[in-house]
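> One structure follows; several queries about it will come next.
Quick note: the coordinates plus some simple rules give every number you see, no bench work behind them. This is a predicted model, so every value here is computed, not measured. Quick reminder, even Gly has a Cβ in these numbers, built from the backbone with ideal geometry, and neighbours come from all protein chains shown.
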Amino acid sequence: MTFLIRTIDFTAAGREIIRDRVVEQDALTIGRAAENDIHLPDLAVEQRHVRIGRQSDGTLAVNALGTLGFGLDGRTVTHGVIDPRTGGEIALGAARLDIAREGNGNIAITIRQVAADEGKGDARRGFALASVLPSKRAMSWIFAGAIMLVLLMVPVASHLLRTPVKNDPKSDMPGQVLMDAAWSAGELSLKHHKLEDNCESCHVTPFVSVQDETCLTCHEELGDHARKPRLAAGMPPLSTGDALQWQIAETLGKEGPLGCVSCHSEHEGPLRQKPASEAFCSDCHDALDTRLTDTALADAHDFGKEHPQFRPAFYASFGAAKPVRASLDSKPVERSGLKFPHDVHMDARGGAARMALSLPDYGQPLECKDCHTLTADKVSFKEVRMEDACESCHSLVSDRTTGGGFSKLRHGDVKDLAQDLARINSGPRPALAPRRARPGQFAQGGAYAAEFGRPVRSFIGLSNALSQGGICTECHLPTVKQGRPDLMPVNLPDRFLTSGYFSHEAHKKEECTDCHAADTSKAATDLLIPDLKSCRDCHLGATAVKTKTIVPSSCAMCHSYHVPSGQWSSEGKEPHYSPAPGPAKTSIAAILGLAKP
Amino acid sequence: MATRAGGAKRFSQDEKRRDSDHVSFLRHRGFRWLWIALALSGVSLLGYALIDQQPRPNGGSWYGYTLGTIGLGLIIWLSLLGVRKRRINPGAWSLKAWTSAHVYLGLSLVVVGTLHTGFQIGWNVHTLAYVLMLLVIATGIYGVIAYATLPASLSANRKEMTRAQMLDALTAIDRQLESAAQPLGRDQADLVIAALAQDSFAGGAISRITGRYPRCATARALAGVGEASDAAARVHTLLAKRAEQLAQIRGALRIRALLEIWLFIHIPLTIALIAALIAHVVSVFFYW
């Protein structure tokens, strides 16, 4: 067995010196001691370190002779096998022994000295994932910086640097603040959808909550439910958590539980404001009198169980300047200044019915709608106009005109009447024949008697018309004003129930007389407003069980928070406030509707 | 006497410490922080269920603010683990307890944070903070699983070699390859040069994680150098050894990458989360 031992050294100048020697042995020893076949002058090597022996199958067995191992192909072992055909490398101290078979079958052992492994730690660093990824610190700065810049600094800066614009609900106001859409906690309600990109229209001042004053720049027409101190006194105590939150919030400038936004919370999605629940109302109105001891309002919490009797607005004395409200339990007497027995007009067999039958405009007995026409909002009725509703029967015809028609006395103003009377040129109708009267009602003094004779000044005098028995007093009450005969002014409210909403449209399946006792009313002093009990035939509180006849009715069916005479509905077509609050500020409903109890 | 008593006391303290040294941070003190985290989540859920917030639950109710404050405090505290673990100084604090609390309280943030949102999700800075929080927690969960399972396979992959030895082994093979390849022709020699020249860590993060190295020069050389001659056969055998050694290194790289990758998301996203939280809180009160 021949080993070719080749030692490669370098001179100081870097020149390579190769020394070969041949050893004819079956085994070799390697170590620091000089007697070894391969002598390695290295303190890291043992005196007798390794023995390489040939085995029967042609491979080489490499064994450590002491307890210290050696490197074999990079691995530290105490014994190993090298197949000379593929070769192997033994590491001993700084020496690397490369073992391979030569072409002639000899085993070549090439010995090289390697430089100390400086910077090996650096190489080991390559195992860490950090060597192929950007540093965590850099990524952190980039992400955090981008978020702070785009989502905080840009909106804050553009908010602070903008020129505030006054809100105008009628125009499209583009937002001025950049990137603040990313701050929106949710979509705005349907009505505020236009403001989606204009956060600063509500969020006017940084770190100041949305103020009522800002809401009112657009919603100025909305009335208060009551004055703030009264509302606060009437409220039930808050829960501990709510109280604490409001305490903190108010310290920080929030407007408290009575501020607009505490009920009208925004960013809750594209929805409509829901009508207030019965609980929302009864929170305060149940046992309100215990907290608001001087209130004129009676407690209410459930329409079927506790609700005060209706208190319609009406004129309680002739010619009164203002309507009053009184409970229907007190059997109120209305003094509108008119005479009008509903029963006479509604009796299907009475004179009025007969008259109507004979008139082409009617053709059948009188019905309610012949005189009473619903307003567009279907809540109240249009003013009954004498010319449209009464004159077909209660004629004011005074003469024939030259063209063949009739002239009439004008209705409405006593001055007009005086002028018209002065123009009348007809006197009493002459008798048919001496001592012969016209028959029945057509006789002098009868209901259908008419005068077409020559004008007689004393007969047609204004005072006659206006005094008891005169034409005007068929319907009106005579009075004296500044020493002259006059008529009592007619006072009829355009709406009786001013703090609630009643839709006649919703009740059109009912007969008028089911609720209004008009067919039995003998005088205009009867207030024909149905009472609480009659409503309760069908309407009970929100918690009532719905049946064919019972309609569970929450407060919001008849009342709304800001406009007591209106109704808020979150469904169906707009407007959702009916009647829409606004111009009709002079109407009774509007005057009395803005309750200030 | 006093000394002996002191010694006994010290011995029992040391024993206690030695015992606790072998308890994982997950089981620390009989899952103390797990129970605390479960209690926090349970109480948060119960409160959420009991409060009927109108018109819908949101982070701006008093309960929402409470949950938000707890969440913010937790996030800041959890992120301080990075500071705590760098402070190797004595004190009445245990890094293990801190890590245990970090893991369990971090998990309870899923409940607290989600309830704070009131399940209102949108394209805004608030949801950004929430999503970042969930990503940080998800990577954290991955991290706990990785730390619990991967070190065993890392150890198995090493086969009693240190990382330095793996590199040494490769160098040893390379030296043999260099001399063994001397008789080869130009084409094959070029293949061997390319294999030797390629950094043993070549390949990006994706290669490390998947363990796929399509540009591996050693694999190419192995395919290109046949076993036609004795010399070629020897080079081929050496290349096969090299490929095997590389596979071990790459196995280590893969396990190491799987162990570390989550931190490259967890840490930057935590910092991003803190930035998003600042933007979230400031924006909420800026537009109050």
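> Please compute the Kirkwood hydrodynamic radius of the range A:2-117 from all pairs of different C-alpha atoms, in Å with one decimal.
14.3 Å
> Can you tell me the relative contact order of chain B? Whole percent, Cα pairs under 8 Å, sequence separation 6 or more.
Worked out over chain B, it gives 22 percent.
> Treating only the Cα positions of chain A as identical point scatterers, give the base-10 log of I(q)/I(0) from the Debye formula at each q in 0.05, 0.06, 0.09, 0.12 Å⁻¹.
Cα-only, vacuum Debye calculation for chain A: -0.51, -0.60, -0.92, -1.24.
> Another one. Counting only residues 5 or more places away or on other chains, whose amide H sits under 5 Å from the amide H of A:Val208 once H atoms are built in the peptide plane?
B:Trp288
> Which angle from 0 to 90°, rounded to the nearest 10, does the C-alpha axis of helix B:163-180 make with the longest principal axis of chain B?
Long axis of B:163-180 versus the principal axis of chain B: about 20 degrees.
> Identify all aspartates and glutamates with a Cα-Cα distance to A:Lys254 below 16 Å; exclude those on the same chain that are fewer than 8 residues away in sequence.
A:Asp212, A:Glu213, A:Asp242, A:Glu266
> Give the average over all directions of the projected area of the C-alpha convex hull of the range A:223-370, one decimal, in nm².
Reported value for the Cα convex hull: 16.3 nm².
> Among all helices in chain A defined by DSSP H, which have a length of 15 Å or more along the axis from Cα atoms plus a Kyte-Doolittle mean of at least -1.0?
A:136-148, A:240-251
> Please determine, in degrees from 0 to 90 and to the nearest 10, the orientation of helix B:125-158 with respect to the longest principal axis defined by the Cα atoms of chain B, where the helix direction is its Cα long axis.
Compared with the principal axis, the helix lies near 40 degrees.
> If you don't mind, another one. Which of B:Ala228, B:Ala180, B:Ala194 ends up with the largest GNM mean-square fluctuation for chain B, with Cα atoms connected below 10 Å?
B:Ala228
> Can you pull out the trypsin sites (Lys or Arg not before Pro) in the range B:222-274 whose DSSP state is coil and whose Cβ has at most 15 other Cβ atoms within 10 Å?
Here no loop site has a sparse enough neighbourhood.
> In chain B, once you exclude exposed GluC sites (Glu not before Pro) (DSSP loop, at most 13 other Cβ within 10 angstrom), what's the longest stretch remaining?
Maximal segment without exposed cleavage sites: B:1-159.
> Something else about it: How would B:His280, A:His219 line up from fewest to most surrounding beta-carbon atoms within 10 angstrom?
Final ranking by Cβ density, sparse to dense: A:His219, B:His280.
> If a/c stays under 1.5 just call it rounded; otherwise compare a/b with b/c (prolate if a/b is bigger, oblate if not). Do that for chain B, with a ≥ b ≥ c from the square roots of the Cα gyration tensor eigenvalues.
oblate
> ³J(HN,Hα) across the range A:42-50 via Karplus (A = 6.51, B = -1.76, C = 1.60, θ = phi - 60°), whole Hz, x for Gly/Pro?
9, 5, 6, 9, 6, 4, 10, 9, 9
> Mind checking B:200-206 for the average number of partner chain beta-carbons within 10 Å of each residue's beta-carbon?
Partner Cβ neighbours, averaged per residue: 3.
> Would you pull out the residues with amide H under 5 Å of A:Lys408's amide H, same chain only if 5 or more places away, H placed 1.01 Å from N?
Distant-sequence amide H within range of A:Lys408: A:Ser398.
> Which shape class applies to the range B:87-159: rounded if a/c is under 1.5, otherwise prolate when a/b exceeds b/c and oblate if not, where a ≥ b ≥ c are the square roots of the Cα gyration tensor eigenvalues?
Oblate shape, in that a/c is at least 1.5 and b/c is the bigger or equal ratio.
> Moving on to the next point. The range A:151-271: percent of C-alpha pairs farther apart than 20 Å?
Looking at the range A:151-271, the distances longer than 20 Å represent 51 percent of pairs.
> Let me ask another. Enumerate the residues in the range B:161-204 having an amide nitrogen under 20 Å from the point lying 7 Å beyond the Cα of A:Ala128 toward its Cβ.
Under 20 Å, as judged by backbone N against the label point of A:Ala128, lie B:162-168, B:200-204 of the range B:161-204.
> Let me ask something else. So for the protein assembly as shown: antiparallel DSSP bridges make up what percent, rounded to the nearest 5?
If we restrict to bridges inside the protein assembly as shown, about 85 percent are antiparallel.
> As a check on your grasp of the helix formula, calculate [θ] at 222 nm for chain B: sum -39500 (n - 2.57) over DSSP H runs of n ≥ 4, divide by the residue count, round to the nearest 500.
For chain B, the value works out to -26500 deg cm²/dmol.
> Ok, one more. Enter the mean number of other protein chain beta carbons within 10 Å of the beta carbon of each residue in A:69-77, as an integer.
For peptide A:69-77, the averaged partner shielding equals 5.
> So which residue, out of B:Gln54, B:Gln120, B:Gln248, gets the largest mean-square fluctuation from a GNM of chain B using Cα contacts under 10 Å as springs?
Per the Cα network of chain B with a 10 Å cutoff, B:Gln54 tops the list.
> With a 10 Å Cβ neighbour count serving as the proxy for reagent exposure, in which order, fewest first, do A:Leu252, B:Leu107 appear?
A:Leu252, B:Leu107
> Of A:Lys191/A:Lys305; A:Lys508/A:Lys533; A:Lys322/A:Lys378, which sit over 27 Å apart, Cα to Cα?
Cα-Cα > 27 Å for A:Lys191/A:Lys305; rest within.
> At a 10 Å Cβ-Cβ cut-off, how would you order A:Cys263, A:Cys202, fewest neighbours first?
A:Cys263, A:Cys202
> A:Thr290 to A:Gln113: extension gain in nm, 0.36 nm per residue of separation minus the Cα-Cα distance?
The span from A:Thr290 to A:Gln113 would gain 53.3 nm if fully extended.
> Take every residue in peptide B:269-282, count the Cβ atoms of other chains within 10 Å of its Cβ, and give the average of those counts.
Average per residue, whole number: 6.
> Using only the alpha-carbon atoms, how far is helix B:186-197 inclined from the longest principal axis of chain B? Give it as 0 to 90 degrees, nearest 10.
The angle comes out at about 30 degrees.
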